[in-house]
Amino acid sequence: MTGKTLYDKLWEAHLVKQRDDGTALIYIDRHLIHEVTSPQAFEGLRIANRKPWRLDTNIATPDHNVPTTDRSVGIEDPVARIQVQALDDNCDEFGILEYKMNDPRQGVLHVVGPEQGAALPGMTIVCGDSHTATHGAFGALAHGIGTSEVEHVLATQCLIQKKMKNMLIRINGNVGSGVTAKDIVLAIIAKIGTAGGTGYAIEFAGEAIEALSVEGRMTVCNMAIEGGARAGMVAVDDTTVDYFKGRTFAPKGELWDQAVVSWRTFYTDEDAVFDAIVELEGADIIPQVSWGTSPEMVVAIDQTLPDPESETDPVKAEGMRRAYQYMDLKPGMTMGDVVPDRVFIGSCTNSRIEDLRSAAEVAKGRKVDAKVLQALVVPGSGLVKTQAEEEGLDKIFIDAGFEWREPGCSMCLAMNADKLGDGEHCASTSNRNFEGRQGYGGRTHLVSPAMAAAAAVSGRFVDVRELLANN
Amino acid sequence: MEKYEKFSGIVAPLDRANIDTDQIIPKQFLKSIKRTGFGPNLFDEWRYLDEGLPEQDCSGRPLNKEFVLNQERYSGSSVMVARKNFGCGSSREHAPWALTDFGFKAVIAPSFADIFFNNSFKNGLLPIVLSEEIVDELFRGVFEAEGYSLEVDLANQVVNTRGGKSIPFDVDPFRKHCLLEGLDDIGITLEDTDAIKAFESKHEAAAPWVFNVIKAESAIK
Ligand code: SF4
């Protein structure tokens, strides 16, 4: 018998029932809830007169809509206020743990879950949000679901699933210094395309992935969905186990030892077979920037922008032409020609403490360039914010001319007041560069936190490694 | 959910690949706590020349006349054809809600993003995967003939052209059954309550740290 992949093991450990029609019932260990995709699900429960199956599996916090400026006065936008209020009311009514907007533990759900140890290795974790794949970083099976499935999980603790195929993405050798998890994942998406992972669960492996912290692995898994895969994951190792020790909802004492033994079984057997394998050389990956309107439209910082005329796939070439028009860029330019009107450091991809440290390292002793209208730093959670303040990072950012904000999704999707103006370019550490994502007519360039900070202080996109060499 | 019946509808061609859910329904409209009313904001940024606001009356907004859904010849369409990787991006179920609210009952494309594909079935919207060649052919047909329509027959898993061509498609038997009968997934899953409970006790014995740790603070006395 051949061995099993990490995904196979997670699947089997949660298989309630295999049905004859090829679907299966999969048990869900953790369900994360936010304000945007849950109100209709709670409403559905009420209409059908159903109760949540279990309460001790759910954790909620508002993140998409909340303002990142002073919140003591509540939310000004009436529509957003109603939605956040609906989450509060639903959680209170059903008895679900929620960190409300002004709770110090509030933040972007995908930052808060692991930070609290609410999301743990070996678990199945879902959320009405496609970036749930983030939690795969620590050997969990985690993916986004729609609102009907949110209701389904609330009511039954299960999901009806079909097993996905297995894909291995291996980064051979390590990456150079100044190259981050974000650069790795952007390079991966540039290679496989935005539909490359459709139908697969992706396991990320190889020396460069092993060398990452759990936070870095979260950045990589977070963007599995931009490569088309609902779930991305990394095997459990010492780094994983150490990360969870002492966290609020992590097991303690004997239970901890028992959990660690179990968690350590979540890796891919040597003789396991993948349906697809993609390999990249770590040494080839340098800082990346997206130039277009799809996360696969990415170049390395030293490359010129590609020419649609040399693209053989006509549908792709047409997409590139549209992107050039929308972004107001031309083939043959370099990203060094582009001025970021705004800079956004935040989002579930890059708002954890290490992200802020790496941006601060670049910002320290420098000033945001006069051409940049606004540079925002939005920590992923209240706890990340406090920790950063204890380390003095807030001062570094503020001295350099960045704004230091309250936690939330913020300019990642611009549902609150933080948004791009029509036609503005943004160096953003978020995960999607779709048309209008960060504001009507806005033009997003996806980069790492260090690259975003470098763009802020340089007034154009530059190779952060050059700045770091002068530090 | 209503039973999904055989129907015939005008086809609207959306000749783009990688249409993402941010385009299908932009974020400012996700603030609604209802499942309905998203139709007027379907493809908002492409459909109108101004920036749309939540809860705004769209009837007086300036239209982008070039956009497919604003062209007279496609008015009343209920089938969409598009290029590959339709529905990529965010998991928002507001995307199928907006499409069905507008009047679409089926979307045909060479491929779909997983989450959108899944969400569609739960909302009476049938995503149909056909080969690139056939999709190409459909685009040609739609562009050539005004009023081009297709008949979608889920029970027999075929799309019928007016020219008498029957194009077969695959569909997962469970999803097909649920759509045809208008069944609610949750009800079906709850028929397996015993199996879920049995699994749960076994799981709790093996991984007790997964259970009983998270509690609403009001419940902690
Ligand atoms: S930070 Fe952005 S991608 Fe992440 S959950 Fe929030 S809106 Fe979604």
Single residue of the range A:238-260 satisfying the filter (away from chain B (no Cβ under 11 Å) and part of a helix (DSSP H, G or I)) that is most open to solvent (accessible area, probe 1.4 Å): A:D242
Condition first: closer than 22 Å to B:Q28 by Cβ and out of contact with any Lys or Arg (no Cβ under 8 Å at 6 or more places or on another chain). Can you find one or more residues in the range A:395-406 that meet it? yes
Go through the range A:261-284 and give me each residue that's open to solvent by 20 Å² or more (accessible area, probe 1.4 Å), in a helix (DSSP H, G or I) and within 14 Å of chain B (Cβ to nearest Cβ). A:V261, A:S262
Looking only at residues in the range A:49-71 that are touching a residue at least 24 places away in the same chain (Cβ under 8 Å), more than 12 Å from A:M415 (Cα to Cα) and facing another protein chain (nearest Cβ under 9 Å), which one is most open to solvent (accessible area, probe 1.4 Å)? A:L55
Right, A:G117: more than 7 Å from chain B (Cβ to nearest Cβ), more than 23 Å from B:F117 (Cβ to Cβ) and surrounded by fewer than 24 Cβ atoms within 10 Å (Cβ to Cβ) or not? yes
The lone exception for A:Q157 - which of (1) closer than 26 Å to A:G113 by Cα; (2) among the polar types (S, T, N, Q); (3) open to solvent by 10 Å² or more (accessible area, probe 1.4 Å); (4) touching a strand residue (DSSP E or B) at 6+ places or on another chain (Cβ under 8 Å) it fails: (3)
Checking A:D88 against (1) of a type in the set (D, E); (2) in contact (Cβ under 8 Å) with a residue 40 or more places away in the chain; (3) closer than 16 Å to B:K215 by Cα: exactly one of these is not met. Which one? (2)
Those residues of the range B:11-26 which are within 7 Å of another protein chain (Cβ to nearest Cβ) and either of a type outside the set (D, E, K, R) or free of Cβ contacts under 8 Å to residues at least 24 places away in the same chain (or both) amount to B:A17, B:N18, B:Q23, B:P26
With the requirement that a residue be more than 7 Å from chain B (Cβ to nearest Cβ), over 15 Å from A:V84 (Cα atoms) and not aliphatic (A, V, I, L, M), what does the range A:23-34 give you? A:R30, A:H31
Any idea which residue in the range A:35-48 is farthest from B:E217 (Cα to Cα), counting only those that are surrounded by 23 or more Cβ atoms within 10 Å (Cβ to Cβ) and more than 7 Å from chain B (Cβ to nearest Cβ)? A:A41
Would you pick out the residues in the range A:56-71 that are closer than 22 Å to A:Q116 by Cα and within 16 Å of the ligand (Cβ to nearest atom)? A:I59, A:A60, A:T61, A:P62, A:D63, A:H64, A:N65, A:V66, A:T68
Being open to solvent by less than 40 Å² (accessible area, probe 1.4 Å), touching a residue at least 40 places away in the same chain (Cβ under 8 Å) and out of contact with any helix residue (DSSP H, G or I) (no Cβ under 7 Å at 6 or more places or on another chain) is the filter here, so list the residues in the range A:386-415 that pass it. A:R405, A:G408, A:C409, A:S410, A:M411, A:C412
Please identify the pairs in which a residue from the range B:183-210 that is among the charged types (D, E, K, R) has its Cβ atom under 7 Å from the Cβ atom of a residue that is part of a helix (DSSP H, G or I), counting only partners at least 6 apart or on another chain. B:D185/A:H152; B:D185/B:C178
Is it the case that B:E146 is without any contact (Cβ under 8 Å) to a residue 24 or more places away in the chain and of a type in the set (D, E)? no
Please go through the range A:12-33 and pick out each residue that is farther than 21 Å from A:E151 by Cα and touching a residue at least 40 places away in the same chain (Cβ under 8 Å). A:A13, A:G22
Return the residue satisfying two criteria in turn: it lies in the range A:342-356 and is within 19 Å of A:Q374 (Cα to Cα) and near the ligand (Cβ under 9 Å from one of its atoms), and of such residues it is nearest to the other protein chains (Cβ to nearest Cβ). A:S347
Selection from the range B:86-112 of residues modelled with pLDDT under 95 and small (G, A, S) yields B:G89, B:S90, B:S91
Given the criterion outside any loop (DSSP other than H, G, I, E, B), free of Cβ contacts under 8 Å to residues at least 60 places away in the same chain and open to solvent by 10 Å² or more (accessible area, probe 1.4 Å), identify the matching residue among B:S8, B:S59. B:S59
If A:A414 satisfies all but one of (1) away from every other protein chain (no Cβ under 14 Å); (2) of a type in the set (A, V, I, L, M); (3) within 16 Å of the ligand (Cβ to nearest atom), what's the number of the condition it fails? (1)
Can we say B:L53 is farther than 27 Å from A:N65 by Cβ and either open to solvent by less than 40 Å² (accessible area, probe 1.4 Å) or modelled with pLDDT under 95 (or both)? no
What's the number of the condition A:G74 fails, among (1) away from chain B (no Cβ under 12 Å); (2) under 22 Å from A:M233 (Cβ atoms)? (2)
Considering only residues of the range A:417-441 that are within 15 Å of the ligand (Cβ to nearest atom) and either within 9 Å of another protein chain (Cβ to nearest Cβ) or surrounded by fewer than 24 Cβ atoms within 10 Å (Cβ to Cβ) (or both), which is nearest to A:C221 (Cα to Cα)? A:R432
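The values are calculated or read from the model by the stated rules, or taken from the named source; none is laboratory data. Since this is a predicted model, take the numbers as computed values, not measurements. Backbone-built Cβ (ideal geometry, glycine too); neighbour counts: all protein chains shown. Heads up: the accessible areas ignore ligands, DNA and RNA and are worked out on the full protein's heavy atoms, side chains in. Shrake-Rupley method; radii C 1.70, N 1.55, O 1.52, S 1.80 Å.
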